[in-house]
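The values are calculated or read from the model by the stated rules, or taken from the named source; none is laboratory data. If you're wondering where the values come from, they're calculated on a predicted model, not measured in any experiment. All Cβ positions, glycine included, derive from the backbone under ideal geometry; neighbour counts span all protein chains shown.
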Amino acid sequence: MTPDAEFHQRDRSIHPPAYTPVYKTSGLRSPRIPLWSLQNSLSEVTGPMFTPEELGPLDNDLVLNYAKTGQPIGEQIIVHGHVLDGNGRPIRNTLVEVWQANAGGRYRHRNDTYIAPIDPNFGGCGRMLTDENGHYFFRTVKPGAYPFRNRVNSWRPAHIHYSVFGSGFAQRLITQMYFEGDPLIPHDSILATIPDRSAAERLVARLDLNASKPLECLAYRFDIVLRGRRQTLFENKLQGS
Amino acid sequence: MKPFDLSCLPETPSQTAGPYVHIGLMPAQAGFEIFANNFTGDIAGPNVKGERIVIEGRIFDGAGHVTKDVLIETWQANAAGRYNHPADRQEKTLDSSFRGWARTGTDFETGIYTIRTIKPGSVAGRRGRKAMAPHINFWIAARGINIGLATRLYFGDEEAANVEDPVLNIIEQPERRKTLIAPKSVRDGNTVYTFDIYLQGERETVFFDV
């Protein structure tokens, strides 16, 4: 597959629409005019690239990357998976960024006023590049659930936010990962913005005992799929065969 | 791979970036320092070739209020009109000191975002056809935005090129094309392009399904 191949048309039915009454904040922040469909040009098939030198050695270790006086409170976990494109190919050297609340459900953010305390040893963000197999991993503490203003008693299940780039700017994606077995998942207004239930279930990371470290920490697996690129049949020569 | 294996794993669904997107992507704005190297909205380093410009604007919701928690990313060609990416094989000079990608957030107090960059050159159009007018690709995400929104900034002082631009011209209503054109001004010796984005309402910005 050549790097300049156009991306497959995005299947919008698996994504949340712009306006989702179940998540009230979308009401005034959702475009109401249909998006203009734009065939890919160089502006869409290209995108920013990053190098290992731009990242620090602890950037993917949320247990240590903000440790001041000791380790953060909470259950330590490893989260890992692959970043693939829609054709099942690994996306190499792509930037994955994550952020999350601490074990008590509090974010280190000047606008978060939840009653749970800030953890002095937890920043709550990390980043990494995928390797040549498209694999990524990071270590963190399991985030806590927390309430948010939506309905009078809305709670977020434990989740980790993800930002992923891919190899072209049209693949840019921000999403959230949830944890298998969390009883808040069926009640979450944010997950409920996704109309396709099987699509929503793909955001739930599975416990991965094989990747856990005995006597140390459990692991969860979360694979990410970005849009695939079309094969350029009948143009120049046949690619990818 | 088999030539007709065009099949597909379904894309991972999008979720809102939420109110705390700054923690992961702009920790300094969230209120703390954690990484030695941070990505910013100031990408016109000393070695970058091209005309220095400032892009500035606000992002309005459907009630006309200025939003103050939005992530903005931009992707652009260099001054010669080439993207720093292997898919761009135009015979134009590559500027290795310029990645072409910026990231910033709207200010918590004023709602203003600022990007310091260089003015891009014109890039070949789709499959090498008619050139596109100089433009910067925008991608925004925030609380209340369920899937990132893509749009483009075109330059107000490129009237002749804008009239010919193949993307602007697919927008049926000329009035709506204007939502993508940033007027130029000069302030304190800096060239400033003002690009306000309207998420919803009578002045709704054109967003693209790319």
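Taking into account only those residues within the range B:25-50 that are small (Gly, Ala, Ser) and either facing another protein chain (nearest Cβ under 10 Å) or in contact (Cβ under 8 Å) with a residue 12 or more places away in the chain (or both), which is nearest to A:THR175 (Cα to Cα)? So that I can check it myself, show each step before the final result.
Initial filter on the range B:25-50 (small (Gly, Ala, Ser)): B:28, B:30-31, B:36, B:41, B:44-45, B:50.
Among the residues that remain, those that are also either facing another protein chain (nearest Cβ under 10 Å) or in contact (Cβ under 8 Å) with a residue 12 or more places away in the chain (or both) are: B:30-31, B:36, B:41, B:44-45, B:50.
Working: B:ALA30: 19, B:GLY31: 23, B:ALA36: 25, B:GLY41: 22, B:ALA44: 30, B:GLY45: 31, B:GLY50: 35 Å.
Within the range B:25-50, the match that is nearest to A:THR175 (Cα to Cα) is B:ALA30.
Quick one: which strands (runs of 3 or more DSSP E) lie wholly within the range A:110-223 and hold at least 3 residues that are hydrophobic (A, V, I, L, M, F, W, C)?
A:125-129, A:135-141, A:173-179, A:204-207
Given the condition in a strand (DSSP E or B), among the polar types (S, T, N, Q) and surrounded by fewer than 23 Cβ atoms within 10 Å (Cβ to Cβ), answer yes or no: does some residue in the range B:194-206 qualify? Walk me through it before giving the result.
Of the residues in the range B:194-206, the ones in a strand (DSSP E or B) are B:194, B:197-198.
Going one step further and asking which of them are among the polar types (S, T, N, Q), we end up with B:194.
From what is left, the residues that are surrounded by fewer than 23 Cβ atoms within 10 Å (Cβ to Cβ) are B:194.
Yes, the conditions are met somewhere in the range B:194-206.
Would you please name the residue that is surrounded by the fewest Cβ atoms within 10 Å (Cβ to Cβ), looking only at residues in the range A:7-57 that are touching a residue at least 12 places away in the same chain (Cβ under 8 Å) and of a type in the set (A, V, I, L, M)?
Within the range A:7-57, the match that is surrounded by the fewest Cβ atoms within 10 Å (Cβ to Cβ) is A:VAL22.
Just one of (1) within 23 Å of the chain's Cα centre (by Cα); (2) more than 18 Å from B:PRO86 (Cα to Cα); (3) aromatic (Phe, Trp, Tyr) trips up A:PHE7, so point out which.
Looking at each condition in turn, A:PHE7 falls short on (2).
Which of the following residues is surrounded by fewer than 19 Cβ atoms within 10 Å (Cβ to Cβ) and acidic (Asp, Glu): A:ASP119, A:ASP131?
A:ASP131
Residues checked against (1) away from every other protein chain (no Cβ under 12 Å); (2) out of contact with any Cys (no Cβ under 8 Å at 6 or more places or on another chain); (3) without any contact (Cβ under 8 Å) to a residue 60 or more places away in the chain:
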| position | (1), (2), (3) |
| --- | --- |
| A:SER167 | no, yes, no |
| A:LEU173 | no, yes, yes |
| A:GLU180 | yes, yes, yes |
| A:PRO183 | yes, yes, yes |
| A:ARG197 | no, yes, yes |
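Could you tell me whether A:ARG149 is at pLDDT below 95 and in contact with a helix residue (DSSP H, G or I) (Cβ under 9 Å, 6 or more places away or on another chain)? Show your work before the answer.
Numbers: at pLDDT below 95: no; in contact with a helix residue (DSSP H, G or I) (Cβ under 9 Å, 6 or more places away or on another chain): yes.
In short, no.
Tell me, yes or no, whether the range A:102-122 has at least one residue that is touching a Lys or Arg at 6+ places or on another chain (Cβ under 8 Å), more than 7 Å from chain B (Cβ to nearest Cβ) and within 30 Å of B:ASN84 (Cβ to Cβ).
No: zero hits.
Please verify whether the range B:11-22 includes one or more residues that are crowded, with 22+ Cβ neighbours inside 10 Å, assigned to a helix (DSSP H, G or I) and either modelled with pLDDT of 95 or more or not small (Gly, Ala, Ser) (or both).
So far as the range B:11-22 goes, yes, one or more of its residues are crowded, with 22+ Cβ neighbours inside 10 Å, assigned to a helix (DSSP H, G or I) and either modelled with pLDDT of 95 or more or not small (Gly, Ala, Ser) (or both).
Pick out the one residue from A:LEU209, A:LEU233, A:LEU218, A:LEU203 that is at pLDDT below 95 and of a type outside the set (Asp, Glu).
A:LEU233
Just name the residue that is farthest from B:GLY148 (Cα to Cα) out of those in the range A:31-78 that are facing chain B (nearest Cβ under 8 Å) and not in a loop (DSSP other than H, G, I, E, B).
Here the answer is A:GLU54.
If you scan the range A:1-16, which residues turn out to be within 7 Å of another protein chain (Cβ to nearest Cβ) and closer than 30 Å to A:ASN150 by Cα?
Residues satisfying the conditions are A:ARG10, A:ASP11, A:ILE14, A:HIS15, A:PRO16.
Report, by residue number, each residue of the range B:51-84 that is aromatic (Phe, Trp, Tyr) and either at the interface with chain A (Cβ under 9 Å from one of its Cβ atoms) or within 17 Å of B:TRP101 (Cβ to Cβ) (or both).
Within the range B:51-84, B:TRP75, B:TYR83 qualify.
Considering the range A:166-187 alone, what residues qualify as being under 25 Å from B:TRP139 (Cβ atoms) and not hydrophobic (A, V, I, L, M, F, W, C)?
A:GLY166, A:SER167, A:GLY168, A:GLN171, A:ARG172, A:THR175, A:GLN176, A:TYR178
Could you tell me whether the range B:176-192 includes any residue that is under 17 Å from the mean Cα position of the chain (by Cα) and among the acidic types (Asp, Glu)?
no
Counting only residues that are surrounded by fewer than 24 Cβ atoms within 10 Å (Cβ to Cβ), among the β-branched types (Val, Ile, Thr) and in contact (Cβ under 8 Å) with a residue 40 or more places away in the chain, give me the strands (runs of 3 or more DSSP E) lying completely in the range B:95-170 with at least 2 of them.
Correct list: B:113-118.
In the range A:204-221, is there at least one residue being under 14 Å from the mean Cα position of the chain (by Cα), within 11 Å of chain B (Cβ to nearest Cβ) and either among the hydrophobic types (A, V, I, L, M, F, W, C) or on the phi > 0 side of the Ramachandran plot (or both)? I'd like the intermediate steps shown before the answer.
Going residue by residue through the range A:204-221, those that are under 14 Å from the mean Cα position of the chain (by Cα) are A:204-205, A:220-221.
After this cut, where a residue has to be within 11 Å of chain B (Cβ to nearest Cβ) as well, the list is none.
Within the range A:204-221, not a single residue is under 14 Å from the mean Cα position of the chain (by Cα), within 11 Å of chain B (Cβ to nearest Cβ) and either among the hydrophobic types (A, V, I, L, M, F, W, C) or on the phi > 0 side of the Ramachandran plot (or both).
Sort through B:ARG129, B:ARG103 and tell me the only one that's farther than 25 Å from A:GLY56 by Cα and within 12 Å of chain A (Cβ to nearest Cβ).
B:ARG129
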